[in-house]
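For reference, the structure discussed in these notes is given below.
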């Protein structure tokens, strides 16, 4: 993909995942906050550039919505959506996944995807 002209923007997805220590409100908020802060800082994302954020959790996390962490960070005007991740055998437990859609002049190859605390294998999984 070629660089875009200066006066246009591209929509890019930033992917990330992490694991919570347990199924508790504080563990979910803490893990999600750490991931969101890392994703936005590593990609120089301003709140105004975020179009929407999608969260998924594994079925063993239900004590809190990950989106609550975004709201606590001040992401009040950004559309947020959460869903249950499919239950794949041998996938990480207590896993929170996120996709942040941003308006940017960056290309997809310039985006830094972040995987923390046992979720690193998600990016490197080979299709079966």
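Are any of the residues in the range 38-58 in contact (Cβ under 8 Å) with a residue 12 or more places away in the chain and farther than 29 Å from residue 107 by Cα? Checking the range 38-58: at least one residue is in contact (Cβ under 8 Å) with a residue 12 or more places away in the chain and farther than 29 Å from residue 107 by Cα. The strands (runs of 3 or more DSSP E) found wholly in the range 1-104 and carrying at least 2 residues that are surrounded by 12 or more Cβ atoms within 10 Å (Cβ to Cβ) and either over 13 Å from the mean Cα position of the chain (by Cα) or modelled with pLDDT under 95 (or both) occupy 10-19, 95-104. Contact map, the range 110-128: residues that are more than 18 Å from residue 93 (Cβ to Cβ) paired with residues that are at pLDDT below 70, Cβ distance under 9 Å, separation 6+ or inter-chain. Pairs shown: 113/123.
The values are calculated or read from the model by the stated rules, or taken from the named source; none is laboratory data. Remember, it's a predicted structure, so these values are computed and weren't measured experimentally. When we count neighbours, we look across all protein chains shown, and the Cβ atoms used for this are built from the backbone with ideal geometry, even at glycine.
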